[in-house]
Ligand SMILES: Cc1cc2nc3c(=O)[nH]c(=O)nc-3n(C[C@H](O)[C@H](O)[C@H](O)COP(=O)(O)OP(=O)(O)OC[C@H]3O[C@@H](n4cnc5c(N)ncnc54)[C@H](O)[C@@H]3O)c2cc1C
């Protein structure tokens, strides 16, 4: 019986405290150089051997790719073991495995509790605190912390706890070749009885041996070794072979001769060879969603994440939107994207979302029970030509990373105000940022894209190739495909000044009108965003403005900021000469924990009139909203003709964003503001009202987009972000 | 007011933040580059925003070459003393003697209990710590005859094989504030490790607390100087004129020299996650403080 696992080879380290400390690093370095999969750090004997956790961490810091199996002796604090292993797995980006030793005196209770406690503390798929009540160990409301990957738990045992292995472990480890047949039978039976597939459990054998004259098992030539090991793999399903030796020569032979020869022999003997498909635990399979062909996922994806996988906790939701997709397909090439798309298209009734960095507001980059094609790993940033400042950027790159990569060249690309936002979502929609007035929208710097269309074709679009498509991508890109690469022309942007001013806004109307006037009258090197926190009883009303001045000399900066500062008394100010990259370095790396849906409304306006300001003041007082922000647009944004890109509202000087907790409440407040607004920027609009399309795109733009949609995506595959519906009953469709 | 005459040393207290995992490692490297003598990490295992402190220490140990490494302080209730002894000795051997053992009786008992740890009263926790130190030192003492036996109320060892022995005599520093813990520190610790921010009257509290440690040490037949006095600090470098640790590196040096000469503090540990601050502390404050103390002592 073979369980279909990829064959792995490892060495068992000797941690005798009397060895020279260098010996550990040397053994690890050799194992890594020889391409072995694992180094087993034994639990050893207290008193004689070094402590395995300490040794594992020490070795981890000195190696880069080697897998480390940390053996743990029975512990009084399993929760601490969980923490330690999770930490090391995080420090090594997922190179750690855990192996537990069954004590002869333990009938399995302590071991069973230990495994349960460890798994519970790692289980971040279920939110909330960790709880477990066992006979010997318990957790009562402990904070969970996950390792970087789904750390397998092996149990090293000979006979007495094999049923427990079948129920709870991910690998059975033994040093007794003769115990395999009977042991497997017990393990498999216990696994089945627990509703598990025996293939969930790897089998590991640890052997000792020698080279030279044939003298019993594992002593002889490479061929002898292979003939001894082969039946263990073929008949007893051994998937991990670990050599326990003090001899460097023997270890070298094992790694360099025996391992490849055994692999070849297994390849020849088994239909699937030693490559394996991933076997998920029964508990993970139970989290699958209906309607998704989990068995038929495309072969070559970078990663396929299901609801039962640890990575799902990080990938299910976006920055502002909670989600529970049925599957996440992670792609690293355009071909993989095309494969993922073909897979998705075989699921016509199932929601499809595309994700770059997960900061969508209008864009539903996650869903409930559907498919997510995730290109967040496609995040390279490459300079194509220094002379023309041509850069090529993957959709998954985040704007903080883009800014940091361009800074050494003295360049920047106007993006948004938050470094965590992704290139994919923003550069297909617009891009209103701190350099907008001087340098225009992000899409105004786009020179070409590569994308996967609804029919699976991979195309390039620019002014000279698929020019229609290129026009559409710059403002309505989400409707036309999945962009896999963007080529931009960056701007030369030296040091910038960044001012964060907190000013009195007890006269909100006056503040807003003045701020709008100052912005419009300022030279283009100034771009300002202002947030008005909703008024709260007992707190003074304030305005928080964030202003970038593309200048580094004091006089210019002060001259630009002076009129803003003069609007009203100042509570706090922070003005720093900085870089665009430093300003964009404001995002966290934490996994999103959002739930629910964002409620956001967007509108564009020409001028901050007293009437608009009065309506704003009413809205701010109403308590209906939680977020009110005005951003300067205008300037260079308006230099581009309205019909040059699908983003057409070039004449707006300001973009307004209002957010709240409840759609109906926010809509009621929004009605007060609507009379003053002229169009919207789709990226900040979360509603699905049918009229929103006509607000995002003026009639001529909308009808051209609809024509193109019927060419490029007639079936409406891409419908997660301002989907262009057919023209019926819609003012924008009148000329179709 | 005492100066115990110890050589001064300077360290950092780095947050063992879980994300991004390499951040505290980088800060440890920055501490070493800053010429500091020690990098230390707090230990709150129930707190998922932090990494496991011992794992981080061991990892950092392999990445650094010179700097000493310590928990500040390790939470005893969730760490078995026998394992801790073995782990500390192991790390000490691997690093050629760069380990200090900072240890505390435990705080935040709700968190400890949530992780499956045993909830103790303050009095019980003091005794448990005393027994733990006995176990730890006993396991390190490979030159003592026979296996180790400790028959404690909280920690018992029945005939454990001793070892491994650490590479050097690992100093045990205890975090203590209350009389019972201060007396325990005087009786058994190699160092006393409080935080300036927790001293009720700031540095002025040190006098009375030192006295309690000194008395307990003498009563146990030890020299008071056998317990070195360490201090966790936090502050801000400014252009000058602020209060304690709110000025220039020069101001800091004067204030620390004062703490050394008046209150016998010899280990100064700065809580900071800012490489620039660590650098000022190591390269500016430390040498100037040493100079000031040196010239006073020889005067
Ligand atoms: C905190 C915050 C601050 C923001 N600040 C600004 C700002 O200053 N200026 C600004 O202009 N916008 C801003 N936005 C809006 C932001 O630009 C959009 O939400 C954008 O869609 C996020 O991009 P993403 O790749 O992170 O999103 P994702 O959530 O990954 O994607 C959102 C949607 O974009 C589409 N999409 C994503 N990737 C691709 C791709 N490769 N090909 C085709 N379509 C794709 C899909 O429709 C997807 O549903 C902000 C958003 C947030 C949450």
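Residues in region A:577-596 that are in contact with a helix residue (DSSP H, G or I) (Cβ under 8 Å, 6 or more places away or on another chain), surrounded by fewer than 19 Cβ atoms within 10 Å (Cβ to Cβ) and away from every other protein chain (no Cβ under 14 Å): how many?
So the count comes out to 2.
Going through region A:353-370 one residue at a time, which ones are more than 6 Å from the ligand (Cβ to nearest atom) and in a loop (DSSP other than H, G, I, E, B)?
Listed by number, the residues that qualify are A:362, A:366, A:367, A:369, A:370.
Just wondering, is there one or more residues in region B:58-77 that are part of a helix (DSSP H, G or I), more than 9 Å from chain A (Cβ to nearest Cβ) and within 16 Å of the chain's Cα centre (by Cα)?
yes
Would it be correct to say that residue A:333 is under 18 Å from the mean Cα position of the chain (by Cα) and more than 23 Å from residue A:683 (Cβ to Cβ)?
When the stated conditions are applied, residue A:333 passes them.
Against the condition away from chain A (no Cβ under 11 Å), out of contact with any strand residue (DSSP E or B) (no Cβ under 6 Å at 6 or more places or on another chain) and not in a helix (DSSP H, G or I), how does residue B:107 come out, does it pass?
Spelling it out, residue B:107 is indeed away from chain A (no Cβ under 11 Å), out of contact with any strand residue (DSSP E or B) (no Cβ under 6 Å at 6 or more places or on another chain) and not in a helix (DSSP H, G or I).
Does any residue in region A:414-437 that is within 14 Å of chain B (Cβ to nearest Cβ) come within less than 7 Å, Cβ to Cβ, of a residue that is within 6 Å of the ligand (Cβ to nearest atom) six or more places away or on a different chain, and which pairs are these?
Pairs that qualify, where the first residue is within 14 Å of chain B (Cβ to nearest Cβ) and the partner is within 6 Å of the ligand (Cβ to nearest atom), are A:420/A:319; A:420/A:357; A:420/A:359.
Considering only residues that are crowded, with 24+ Cβ neighbours inside 10 Å and more than 29 Å from residue A:468 (Cβ to Cβ), look in region A:407-436 and name the one that is nearest to the ligand (Cβ to nearest atom).
It comes out as A:434.
Go through region A:614-644 and give me each residue that's within 27 Å of residue A:414 (Cα to Cα) and without any contact (Cβ under 8 Å) to a residue 60 or more places away in the chain.
Selection gives A:638, A:641, A:642, A:643.
Count, please, the residues in region A:16-64 that happen to be facing chain B (nearest Cβ under 10 Å) and in contact with a helix residue (DSSP H, G or I) (Cβ under 7 Å, 6 or more places away or on another chain).
Selection size over region A:16-64: 19.
Suppose we filter region A:459-477 for residues that are within 13 Å of the ligand (Cβ to nearest atom) and in contact with a helix residue (DSSP H, G or I) (Cβ under 6 Å, 6 or more places away or on another chain); how many remain?
Total satisfying the criteria: 4.
Just one of (1) more than 14 Å from chain B (Cβ to nearest Cβ); (2) over 14 Å from the mean Cα position of the chain (by Cα); (3) within 12 Å of the ligand (Cβ to nearest atom) trips up residue A:396, so point out which.
That leaves (2) as the condition not met.
How many residues does region A:1-15 hold that are farther than 25 Å from residue A:198 by Cα and in contact with a strand residue (DSSP E or B) (Cβ under 6 Å, 6 or more places away or on another chain)? Don't jump to the end; show me each part of the working.
Applying the first criterion (farther than 25 Å from residue A:198 by Cα) to region A:1-15 yields A:11-15.
Then drop every residue that is not in contact with a strand residue (DSSP E or B) (Cβ under 6 Å, 6 or more places away or on another chain), which leaves A:11-13, A:15.
Adding up the residues that qualify gives 4.
Which of the residues that make up region A:197-255 are without any contact (Cβ under 8 Å) to a residue 24 or more places away in the chain and under 13 Å from residue A:180 (Cα atoms)?
Hit for region A:197-255 is A:231, nothing else.
Considering only residues that are part of a loop (DSSP other than H, G, I, E, B) and more than 11 Å from chain A (Cβ to nearest Cβ), look in region B:151-169 and name the one that is surrounded by the fewest Cβ atoms within 10 Å (Cβ to Cβ).
Within region B:151-169, the subset part of a loop (DSSP other than H, G, I, E, B) is B:152-155, B:161-169.
Add one more test, that the residue is more than 11 Å from chain A (Cβ to nearest Cβ), and what stays is B:152-154, B:168-169.
Details: B:152: 15, B:153: 9, B:154: 18, B:168: 13, B:169: 12.
Step by step, filter region B:151-169, then rank; the result is B:153.
Is one or more of the residues making up region A:376-389 within 14 Å of the chain's Cα centre (by Cα) and more than 11 Å from the ligand (Cβ to nearest atom)?
Within region A:376-389, one or more residues are within 14 Å of the chain's Cα centre (by Cα) and more than 11 Å from the ligand (Cβ to nearest atom).
Kindly check whether there is at least one residue in region A:439-456 that is free of Cβ contacts under 8 Å to residues at least 40 places away in the same chain, surrounded by fewer than 24 Cβ atoms within 10 Å (Cβ to Cβ) and in a loop (DSSP other than H, G, I, E, B).
Within region A:439-456, one or more residues are free of Cβ contacts under 8 Å to residues at least 40 places away in the same chain, surrounded by fewer than 24 Cβ atoms within 10 Å (Cβ to Cβ) and in a loop (DSSP other than H, G, I, E, B).
Here are A:517, A:524: which of them is away from the ligand (no atom under 16 Å from the Cβ) and out of contact with any helix residue (DSSP H, G or I) (no Cβ under 7 Å at 6 or more places or on another chain)? Please lay out each step first, then the result.
Details: A:524 fails: out of contact with any helix residue (DSSP H, G or I) (no Cβ under 7 Å at 6 or more places or on another chain).
That would be A:517, the only listed residue that is away from the ligand (no atom under 16 Å from the Cβ) and out of contact with any helix residue (DSSP H, G or I) (no Cβ under 7 Å at 6 or more places or on another chain).
What single numbered condition from (1) more than 13 Å from every other protein chain (Cβ to nearest Cβ); (2) surrounded by fewer than 22 Cβ atoms within 10 Å (Cβ to Cβ) fails to hold for residue B:118?
(1)
Which one of these does residue A:491 not meet: (1) more than 12 Å from the ligand (Cβ to nearest atom); (2) closer than 27 Å to residue A:332 by Cβ; (3) touching a residue at least 60 places away in the same chain (Cβ under 8 Å)?
With (1) more than 12 Å from the ligand (Cβ to nearest atom); (2) closer than 27 Å to residue A:332 by Cβ; (3) touching a residue at least 60 places away in the same chain (Cβ under 8 Å) applied to residue A:491, the lone miss is (2).
Suppose we filter region A:328-352 for residues that are under 21 Å from residue A:288 (Cα atoms), within 14 Å of the ligand (Cβ to nearest atom) and surrounded by fewer than 24 Cβ atoms within 10 Å (Cβ to Cβ); how many remain?
4
So which pairs qualify, if the first residue must be in region A:74-97 and closer than 9 Å to residue A:118 by Cα and more than 8 Å from every other protein chain (Cβ to nearest Cβ), the second must be in a loop (DSSP other than H, G, I, E, B) and at pLDDT below 95, the Cβ gap must be under 8 Å, and the two must be at least 6 apart or on different chains?
Close Cβ pairs (under 8 Å, with a partner that is in a loop (DSSP other than H, G, I, E, B) and at pLDDT below 95) amount to A:81/A:75.
Restricting attention to strands (runs of 3 or more DSSP E) lying wholly within region A:129-220, give those where 2 or more residues are within 14 Å of chain B (Cβ to nearest Cβ), crowded, with 22+ Cβ neighbours inside 10 Å and touching a helix residue (DSSP H, G or I) at 6+ places or on another chain (Cβ under 7 Å).
In region A:129-220, the matching strands (runs of 3 or more DSSP E) lie at A:138-142.
The values are calculated or read from the model by the stated rules, or taken from the named source; none is laboratory data. Nothing here was measured: the structure is a model prediction, and the numbers come from that model. Counting neighbours? That spans all protein chains shown, and the Cβs are built from the backbone with ideal geometry, glycine included.
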